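Nothing in this text is a laboratory measurement; each read-out follows from the coordinates by a stated rule. The structure presented is a predicted model; accordingly, all values stated were derived computationally and were not measured. Every residue, glycine as well, gets a Cβ built from its backbone with ideal geometry; the counts of neighbours run over all protein chains shown.
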Amino acid sequence: MNSTTKDALWYKDAIIYQVHVRTFSDSNGDGIGDFLGLEKKLDYLQELGVNAMWLMPFFPSPLRDDGYDIADYDSVHPSYGTLEDFRKVLDSAHQRGIRVIIEMVLNHTSDQHPWFQEARISQENPRRDWYVWSDADTQFKDTRIIFLDTEKSNWAWDPASKSFYWHRFFSHQPDLNYDNPAVREHMWNVMKFWLEMGVDGFRLDAVPYLIEREGTNCENLPETHAIIKELRRRLDEQFPGRMLLAEANQWPADLRPYFGDSDEFHMAFHFPLMPRMFMGLKLEDRKPITEILQQTPEIPPSCQWSLFLRNHDELTLEMVTDIERDYMYDMYAQDRTMRLNLGIRRRLAPLLNNDRRRIELMNAMLMSLPGTPIIYYGDEIAMGDNISLGDRNGVRTPMQWTGGWNAGFSSAEPEKLYAPLILDPVYGYPAVNVAAQRESEHSLFHWMQRIIAVRKSSAVFGRGSIEFLYPANHRILAYLRRLGNESVLMVNNLSSAAQAVELDLRRYKGNVLIEMFGNNLFPRVGELPYLLTLGPYQSYWFRLRRV
Amino acid sequence: MRELIISELTQAVQDLARGFAHYLPRLIVMLILAFVGWLIAYLFKIILRSILRLIKFDRLSENAGASQLLTKAALPSATEMLSRFVFWVTWLGFVLLGISVLGILGLQEQITRFFLFLPHLFVSVLILFFGMLAAGFAARAALLAAVNANVPSPRLLSLAVRSIIMVFVLSIVFEELGLAEQTMLVAFGIAFGALMLGLAIAFGIGGKDLARRFLEEKLVRTKKEQDEDELSPL
Amino acid sequence: MEDGNFLTDDFLRQLINVGEVDILVGLPTHNNAKTVGSVVHTIRTGILRSFPRERAVIINADGGSRDGTPELITGVSIDDVRRGSGIYALRTLHAISTKYASTPQSEVAMRTILAAAELLRAKACIVMSPESESITPEWVTNLVRPVYSDSFDLVSPTYHRHKFDGLLMTNLLYPMVRALYGVKIREAYMPEFGFSGRLGSQFLGQNRWNDGIGENGTELRLTLAAVTGGFRICQSFLGKKDPVERRAADLVPTLRHSVGVLFSALESDFNAWSTVSGSQEVPAFGTDPELALDPLRVNRKRLRDMFVRGVSELESVFQTILAPSTLGELKRIAGLSEEEFRYPAELWVRTVYEFAAAFQKSVISRDHIIQALAPLFRGRVYTFVVENRNGSANDVANNIESLCLEFERLKPYLLEIWKSKQ
């Protein structure tokens, strides 16, 4: 812990960069990204301005679900290096003021995990009770199936022990049995192992599904909350200042209990907001965004939402109505191959037709709505995707560093890369890469740098309250963020046409508006509605000041 | 003697010639004036006629019922009437001007009075015309309204409206012409008063039923009647 | 009210906020607080159900209501501030209002709606009656869809009606429009209808606004403009026509803004209608309208009395309008006893045509011509009611059809008297 401060609420001011070790940089020329490669690129993250990094699963795994099928919790996958290499990354990151958040998959293991291998040997094995077994596949029938495209049931037949085992995700990911105290104890020890090494937080995967009960949908059960409370209690006692981030794809009202009374998660992803930002942009109407944020309950002061535009999964449309989902599909994924499960497997830039104005607008909203923003690797340079790759691999292609050999990702032969590079004329690495964008002052990379710097210039973005203004022009999304004496005003034009808007700022009469990117003055607020004109997809950030 | 006769004759002829020479230019001027006047009057007539046709003056007068009046009196159309009137007045004006050039004593004063009277004549004709228009229009409007409102005696009502307006119009016309002002005023006062009294009595007697019906409709109108009456036209 | 500044600043500001729309619903009102709430709710439901993705707006043009009608309309906007309607809306649905005058004038209301439609570049527009009690969400769908999905320019409604409802429509407007313009539009003067932005813009630009006689009846002019302009017209079935309007208006004002408008349109449209012969069906959506037959009490005696009195009292007026033979015939039937009295179709058609020609020539004040038609129309209504008292729906329909054919047959007569001098 060098330059990272001791502030216990650090996660509220964080700007998180989501990266997969495998995809970022390859140091040993085997075609797969590794820890030492990542360490070399930490300067880049520092240059970009992010102050936290979320590493996706790097544990030993058969990699049938991108590492979310863990076969050993206390080690790292040999392709990415050694535990020692990981320590180096951790230390180097901390030296640069970058916190490190890692994945923890509590709900299930890989079917290759020794525990499961033991459990399936016989019904009497002591590990047997570490998983959920049944003689019939009729239990918990009210439970929905998440991976609709691949799984027919939440039960899978195990021919070895001649019974069914429970899995909420792929059938090669058996769910652990959290009714078993031994499982709970062991999983805390796993977390302790990594905390002692120095990680700053965990993203806990698939938390709503820990416990199963007949007659329920087996999600968000009170028993599950009890387990999380216990984990949090131990964390606070032994490792104060560390953070738990919940991945629970739920409606905001159902998510609220995961914050508990400041005694469960510190942070949780706001899943329903993201599709609505895309929807609002396409509809040119702020309604979906304001509506979902109105429905979002208050959370304890020490807790924080985590916001994102895109991530390693599909753009999930589980948390929208049928009308909205159909609309989203028709607008963003007319090609059926772009659809996966209940979502759209595309990156940010292709979703927005590589329209720089829309990319900037979406990022401006991401950075200014209440919550901690997460940037998915590559989106800061508008990388593209490859929908011909199966599952979600199309959005997990190698980072594009240069226009040279293998995009500067690896020195290996191109066919040895873990995934092919993007080569199309628009998004291909010769056109879209870090080196080129560093050179160009107008590049998205430099714009991202600036907006991150502006966001970091004030705590109001991470910690302030939000209040929506409702100008009669519904294409304008305007809100005030306030913290103490500081007030900032955000005005976003969701429309492809220039707009005029009149804002009711009477309460701020006498203030002048200072545009935060250029620090230039706008007229003083008076008694009349404040008239602004915005170009297509333009957004303004203003600081309100009395002078 | 012969010489005297000759000289007298010469004198007479010379006098006549002198007289003639004295009058001839005036006569010529008069004839020229008459001729030019005729030309100008004719021009006026043509111009006025085309203007009136252009603004569909006949239609206007028809609307007022003035045309009907003219037709009944076997007179030409209102446009023709007005054009001819202008023609004659203009020409007469020129002829009189010519005569005054002749310098015949006594005639001058009459001619001057004629010219002073002209504007009044014009205004009177106009008032009469538009008055008749208004009276005809109002009378028909009253007639139609009365018929459609199912009010008794529409024609009487219509006639009353026309009469009132005409009385007014005529009184204004006579006043404009300055004809026997006092007599006319008294006469019209009497006529008008009589008409009003007559109307008041007529309405008083006739309106009794009307008033009763009105009050009945307002106060004790039954729903049944109303439903029976109404059929939505659209 | 110059063209340049026809709309108020405040309304313009509201329009700026609404922005471009796909569907525009116009709602002219005047003291309709009793019904307008449910009408707007139904419209909104219709839009959200059938056109959830389209940008829509409800525009109220109010003629000086004092009962809070505009507030009832703007109060039901669906935006992010007010929620809780039970219907899920993808978008903001604006409902805005402007007061154009302190007295209702349908022409100004229509002009306001058309101007708004043009400014907002609406693709499909509908106008709804604020008084309708039988309106359902499907009305919105049925009026919008032909324009929005099938590229029609005018959607004229059809309704289930009582056989004695709308007799001016069945005895004059429908047959005359059909005979002269050659299209079978049942409801040429309609309280609800749909039109395309294209037609709206053209009509807005070409219609002679504020020309006096047609202060109301802009709807009829729009229909005729669509016909003469070669726009695509269709009919769409809505539902039951409201009995509310049975209490409607005095006959004379109704004649003014229906027949008066038609007569004055004939003058400017002469080149269009004089060359047409026969008549064409227009494409229809939805079920065929039916005639309701339930008994209805009509004060026939009064109808006939007013006819007879009209003929005798207005003789001097009729002399200027009607041909001597027609007037003679009218005087003859006016003298018939109640049992024998009948105003035959042929005589009625001649009457109407002679009125139209007299109107064109302005033999007397045009308004007086229209007023003089009222007692004669009552006589025709009497005959129609008597003839169809016990008629089945089919009989009544046949009767109307034969009247239409009579109008078509006598069209040359109209042309003849139209062209004759005086």
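Annotations for the structure displayed:
- Estimated 222 nm signal from helices in chain A, with DSSP H stretches of n ≥ 4 weighted -39500 (n - 2.57), rounded to 500: -7500 deg cm²/dmol
- What separates the Cα centres of region B:99-115 and region A:185-215 is a distance of 130 Å.
- Ordering of A:278-288, A:189-199, C:228-238 by burial proxy (mean other Cβ atoms within 10 Å per residue, highest first): A:278-288, C:228-238, A:189-199
- Both the radius of gyration and Dmax for chain C are 22.0, 70 Å, in that order, over alpha-carbon atoms.
- Inter-chain shielding of C:160-166 (mean C-beta neighbours from other protein chains, 10 Å cut-off): 2
- Here the Karplus relation 6.51 cos²θ - 1.76 cosθ + 1.60, evaluated at θ = phi - 60°, turns the backbone of region C:255-265 into coupling constants of 4, 4, 8, 10, 5, x, 5, 4, 4, 6, 5 Hz, with x for every Gly and Pro.
- With a cut-off of 11 Å between beta carbons, the residues surrounding A:Pro301 carry a summed charge of +1, where Lys and Arg count +1 and Asp and Glu -1.
- Kirkwood-Stokes translational diffusion coefficient of the protein assembly as shown, alpha-carbon pairs, 37 °C, 0.692 mPa s, µm²/s: 86
- Expected 222 nm ellipticity per residue - DSSP helices of 4 or more, -39500 (n - 2.57), all of chain C, to 500: -14500 deg cm²/dmol
- Distance from the Cα centroid of region A:81-114 to that of region C:388-422 is 91 Å (rounded to whole angstrom).
- Contact order, relative form, for region C:129-276: 36 percent (alpha carbon pairs under 8 Å, 6 or more residues apart, mean separation divided by residue count).
- Region A:114-166, Rg to Rh (Cα coordinates; Rh as Kirkwood inverse mean 1/r): 1.00
- Taken residue by residue and averaged, Cβ atoms of other chains lying within 10 Å of the Cβ of C:403-414 number 0.
- Long-range HN-HN contacts of A:His474 with modeled amide H, under 5 Å: none
- Rel. contact order, % - alpha carbon contacts under 8 angstrom, at least six apart, chain A: 12
- Think of chain A as having a plus end and a minus end, set by charges on the Cβ of Lys, Arg, Asp and Glu; of A:Leu245, A:Val432, A:Phe461, A:Phe461 sits farthest toward the positive end of this dipole.
- Average partner coverage of C:361-373, which counts Cβ from other chains inside 10 Å: 4
- Taking N as the residue count of chain A, its C-alpha radius of gyration divided by 2.2 N^0.38 Å amounts to 0.97.
- When peptides C:164-174, A:244-254 are sorted by average Cβ neighbour count within 10 Å, with the highest value leading, the order is C:164-174, A:244-254.
- Average Cα contact separation per residue, region C:3-292, under 8 Å, 6 or more apart, as relative contact order %: 21
- Most positive-pole-ward Cα, A:Asn485, A:Ala500, A:His442, against dipole of region A:437-547 from beta carbon charges: A:Asn485
- The listed peptides C:320-326, C:110-116, A:87-93, ordered by packing as a protection proxy, come out as C:110-116, A:87-93, C:320-326 (highest mean of other Cβ atoms within 10 Å first).
- Eligible aspartates and glutamates near A:Lys141 by straight Cα distance, threshold 15 Å, same-chain separation 8 or greater: A:Glu151, A:Glu212, A:Glu214, A:Glu219
- Counting lysine pairs in region C:3-292 whose alpha carbons fall under 30 angstrom apart, excluding pairs fewer than 8 residues apart on the same chain, gives 14.
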